[in-house]
Amino acid sequence: MNLDIYKECLHYQYKIKKKSAFFQEFPIFIRQKLLGKFEIPYIEFFITTECNLKCEHCSNLIPFIEKKEHIAFSEFKLDLDVLLSKIDRLYRLKLHGGEVFLHPELCEMVNYADSLKKIKSIRVATNGTVIPSEKVLKVLAASKAVVQISDYPAFSGKAEKIAELFRMYGVKYVKLTGQKWRDMGEIKKRETNRFKSCSITRCTSLYRGKIYVCSRAAMMEELGCHFYDGIDIASDKRTLRRDILRIYNGEHCKACFYCDGDTDFAEEIPAGKQLL
Ligand SMILES: C[S@@+](CC[C@H](N)C(=O)[O-])C[C@H]1O[C@@H](n2cnc3c(N)ncnc32)[C@H](O)[C@@H]1O
Ligand code: SF4
Ligand code: SF4
């Protein structure tokens with residue numbers, strides 16, 4: 001799947017504001033096609049590898065990461081600043097992990113991302129099993145962030161309790177239902193690269209100063225695979241922009257040889273089954 005940046009940005013723009021098609025499309029067309037602005041649709045910022053669950057088929061391979069860590073707010077801020085200094089707009093930033101509500105500096109992260117003009121929308125992904133503190137609830141409610149609650153059948157009572165708290169505090173949220181998971185398989189080489197058929201290639205992920213085709217690819221690197229797929233956000237602006245386009249075109253995706261992704265090669269499985 002090659003990413004058409006213009007169409008993908010438009011996709012997020014439509015989710016942000018409900019204006020007529022003309023007023024949505026015209027400004028993006030002018031900025032990107034006529035003024036040559038470099039805008040990117042989506043980045044998942046991997047803020048923690050800590051998680052309270054152990055999902056057997058976690059797409060992010062979290063149960064298999066030995067040294068679990070939170071990314072410090074200072075590192076988060078620095079990486080966002082570096083990335084944003086080299087692009088003109090980011091339509092959606094997603095904070096995820098691991099479990100974001102275990103992160104002790106989540107408030108600082110949400111507040112900071114919310115203050116940045118180049119970031120047009122923010123999602124915070126939770127597994128729906130950790131009750132956020134009152135401080136976190138208030139910060140979320142005051143920001144433009146929308147929380148995305150996963151729904152794992154075994155824990156749906158907890159997810160509903162969290163949704164109730166969100167309603168009480170005025171936190172914007174979406175609750176996923178009927179999630180279909182895929183068994184993305186072992187990390188071993190396939191005959192073909194799955195990039196072209198995987199929908200997750202749209203989920204570029206920023207982890208430890210590098211952008212990967214997806215969060216699973218980032219975690220494969222963390223597990224010591226050394227595909228060296230990640231592109232360095234510290235590169236100069238021209239190089240970084242070129243490399244981001246290369247990711248979208250499938251030129252930094254050796255990881256996709258070692259994964260079945262969200263494709264027909266991967267069997268559909270129930271969401272959130274826990275390891276014993
Ligand atoms: C990896 S999780 C990280 C955020 C959070 N810990 C959670 O579970 O929601 C991000 C999203 O990927 C989904 N996911 C995880 N493993 C998956 C799989 N094998 N197939 C499809 N989706 C998966 C989760 O349900 C969640 O919506
Ligand atoms: S899917 Fe989410 S909740 Fe489950 S192990 Fe992975 S990061 Fe944790
Ligand atoms: S095939 Fe695997 S590594 Fe490649 S984008 Fe899809 S999920 Fe990520």
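Tabulated values for the structure
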quantity: Criterion (under 24 Å from Pro41 (Cα atoms) and of a type in the set (Val, Ile, Thr)) met by exactly one of Ile122, Ile131; calculated: Ile122
quantity: Candidate set: region 226-244, residues that are modelled with pLDDT under 95 and exposed (fewer than 15 other Cβ atoms within 10 Å of the Cβ); chosen: the one nearest to Ile5 (Cα to Cα); calculated: Tyr228
quantity: Which listed residue is under 26 Å from Leu10 (Cβ atoms), out of contact with any Leu (no Cβ under 7 Å at 6 or more places or on another chain) and not in a strand (DSSP E or B), from Lys135, Lys68, Lys117; calculated: Lys117
quantity: Residue that is nearest to His103 (Cα to Cα), among those in region 21-50 that are outside any loop (DSSP other than H, G, I, E, B) and acidic (Asp, Glu); calculated: Glu44
quantity: Any chance Leu53 is surrounded by 13 or more Cβ atoms within 10 Å (Cβ to Cβ), of a type in the set (A, V, I, L, M, F, W, C), modelled with pLDDT of 95 or more and not in a helix (DSSP H, G or I); calculated: yes
quantity: Count of residues meeting criterion [within 16 Å of ligand 2 (Cβ to nearest atom) and among the polar types (S, T, N, Q)] in region 132-176; calculated: 3
quantity: Residue match in region 220-240 (condition: farther than 13 Å from Ile187 by Cα and touching a Pro at 6+ places or on another chain (Cβ under 9 Å)); calculated: no
quantity: Some residue of region 57-74 being within 13 Å of ligand 2 (Cβ to nearest atom), without any contact (Cβ under 8 Å) to a residue 24 or more places away in the chain and under 17 Å from the mean Cα position of the chain (by Cα); calculated: yes
quantity: In region 182-204, the residues that are among the β-branched types (Val, Ile, Thr), under 15 Å from Ala218 (Cα atoms) and away from ligand 1 (no atom under 11 Å from the Cβ); calculated: Ile187, Thr201, Thr204
quantity: Residue in region 83-106 that is assigned to a helix (DSSP H, G or I), among the charged types (D, E, K, R) and not assigned by TED's automatic domain parsing to the domain that holds Arg31 present; calculated: no
quantity: Selection count, region 188-211, where residues are within 16 Å of ligand 2 (Cβ to nearest atom) and either of a type outside the set (Gly, Ala, Ser) or at pLDDT below 95 (or both); calculated: 3
quantity: Only one of Ile65, Ile122 that is in contact with an Asp or Glu (Cβ under 8 Å, 6 or more places away or on another chain), of a type in the set (A, V, I, L, M, F, W, C) and within 13 Å of ligand 1 (Cβ to nearest atom); calculated: Ile65
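The values are calculated or read from the model by the stated rules, or taken from the named source; none is laboratory data. Predicted, not measured: the structure shown is a model, and the values here were computed from it. All Cβ positions, glycine included, derive from the backbone under ideal geometry; neighbour counts span all protein chains shown.
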